[in-house]
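Undergrad: First the structure, then my questions, so here it is.
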Amino acid sequence: MTETGDTVWIVEHAKGLGFDLCGVVRAEKFPELENTPDWLERGYAGEMKYLLDPRRSDPRAAMPAVRSVIVCLLNYNTEHALSTDATFVPQDGEPRGWVSRYAWGDDYHNVLGERLDALVALLRGRFLEPFEALAYADTGPVQERVLAKYAGLGWLGKNTLLLNQTLGSYFFLGVILTALDLEPTLGAGELPPADLCGSCRRCLDACPTQAFVEPYVMDARKCISYLTIELRGSIPEELREPMGNHVFGCDICQDVCPWNRRAPVSPIAQFQPRALPSAKDASETPSSAQDNSLFLPRLERLLTLRGADFAELFRGSPLKRAKWRGLVRNACIAAGNSNIQRGSGGYARVCDSLKRLAACSDSIVAESAHWALSRIQ
């Protein structure tokens, strides 16, 4: 085993690379991982077939030589308003969509991955003997939040996310699986941070689609994040109205969490909201860069997205995962929930865009546009 000072060195250098927290844990099969097969058998994973990978139940299956896991936490919070704050809605009458906070800026896989790779390079400079190491920025067959808990970084909340008493939950988790035998952050007999959710159930009660089967258990098939990002087909009709204006992901269970009330703001500029280029559709009125921001994007702008331009527009953005069909489908649902009034700002243009989409060759987009028109005309 390496010396205790090596773990301290790793934590200090991780913070030097911009990580907010870092911990080390032995590669073991923790109790929470044993619940995964039952969760999967109930069908709660929906279409997320990658969650069926058996290696996710034991980090040692992801890398046979692994002995330790380094878990790093990176804050992505910004000063912008929460999705549950009704006071920030623009007064121009144009319907807006909600993009999850984590997706406003650059793709976190790249931002997080670069820092993890840099930490691996530092490790190779300190430990001169050859050793295996794999860095995963939410890209590998491991359950980062469980490893983070046993590395001492927080507890698993009722909304199934990792919570930290100081940082809340607006953060990304990345891991480095390594053959190095490192001293764990938590000493022998030392328990992970206590569960401080107590009797609070704000996240459970606030979920519009009632995705939580019970505290600490989510049926992903009802989660708005799943519906808007992972689901490739049509949104189930009974879940469309509860989705509200969400077009990519959902923050509600985090935004109502008391532990996020004083969550610090990240200094990383890459997590600030991006601005979309102006649309090529001549029917769209001129707008400022702020109006085209991924913070409260104008639904009119999303409804006029061209499939041929989608990949370029969202290069280096998390939104590319939804693909053109998914994002436009979501924008149609949001438009149908917008309560936009005849004669208000953008009403005619939104209706025109929906009519064009209702006639398009993609049956899922066309049906979603028809549904939206039936709600606002």
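Undergrad: What is the gain in length, in nm to one decimal, between Ser234 and Gln210 on full extension, counting 0.36 nm per residue of separation less the C-alpha to C-alpha distance? Kindly include the intermediate steps, with their values, before the conclusion.
TA: Values: separation 24, 0.36 × 24 = 8.64 nm, distance 1.88 nm.
Working it through step by step, the gained length comes to 6.8 nm.
Undergrad: Apply the Karplus parameterisation 6.51 cos²θ - 1.76 cosθ + 1.60, with θ equal to phi minus 60°, to every residue of the range 183-194 and state each ³J(HN,Hα) to the nearest whole Hz, in sequence, with x for glycine and proline.
TA: Ordered by residue, 3J(HN,Hα) equals 6, x, 4, 8, x, 4, x, 7, 8, x, x, 5 Hz.
Undergrad: Separate question: Which one, Leu296, Leu196, Leu357, has the greatest fluctuation when you compute a Gaussian network model over the chain with C-alpha springs under 10 angstrom?
TA: Of Leu296, Leu196, Leu357, the Gaussian network model singles out Leu196 as fluctuating most.
Undergrad: Among DSSP beta bridges whose residues both lie in the chain, state the antiparallel percentage, nearest 5.
TA: Among the beta bridges of the chain, antiparallel pairing accounts for roughly 95 percent.
Undergrad: Points 7 angstrom from Cα along the Cβ direction at Glu32 and Ser363: gap in nanometres?
TA: Spacing of the two 7 Å Cα→Cβ label points: 4.0 nm.
Undergrad: Check the chain for me: any Cys whose beta-carbon has no other cysteine beta-carbon within less than 4.7 Å?
TA: Isolated Cys, the chain: Cys22, Cys72, Cys197, Cys200, Cys207, Cys223, Cys250, Cys257, Cys332, Cys351, Cys360.
Undergrad: Rg/Rh for the range 1-144: what does it come to with C-alpha atoms and Rh from Kirkwood?
TA: Rg/Rh for the range 1-144 comes to 1.06.
Undergrad: Give me the base-10 log of I(q)/I(0) for the chain at each q in 0.07, 0.09 Å⁻¹, Debye formula, one uniform scatterer per Cα, rounded to two decimals.
TA: -0.34, -0.55
Undergrad: Suppose each label sits 7 Å from its Cα in the direction of the beta carbon; what would the Lys323-Asp195 distance come out to in nanometres?
TA: 3.8 nm
Undergrad: Can you show me the helix-derived [θ] at 222 nm for the chain, built from DSSP H runs with n ≥ 4 at -39,500 (n - 2.57) apiece and divided by the number of residues, rounded to the nearest 500. Before the final figure, lay out each step's value.
TA: Details: 13 runs with 114 residues, N = 377.
That calculation yields -8500 deg cm²/dmol at 222 nm.
Undergrad: Just want to confirm a number: the relative contact order over the chain, from Cα pairs under 8 angstrom separated by 6+ residues, in percent.
TA: RCO, the chain: 21 percent.
Undergrad: Tell me the net charge near Arg315. Cut-off is 13 Å between Cβ atoms, Arg315 excluded, with +1 for each Lys or Arg and -1 for each Asp or Glu.
TA: Around Arg315, the surrounding residues sum to -1.
Undergrad: Could you give the radius of gyration (one decimal) and Dmax (whole number) of the Cα atoms in the range 182-242, in Å?
TA: For the range 182-242, the Cα-based Rg and Dmax read 17.4, 52 Å.
Undergrad: So, one more: For a quick check, take a GNM of the chain with Cα springs below 10 Å and name the residue from Cys72, Cys360, Cys207 with the largest mean-square fluctuation.
TA: The residue with the greatest mean-square fluctuation here is Cys360.
Any read-out appearing in this document is the output of simple, stated calculations on the displayed coordinates, not a laboratory observation. Model, not experiment: these values are computed from the prediction. Glycine gets a Cβ as well: all are built from the backbone with ideal geometry, and neighbour counts include every protein chain shown.
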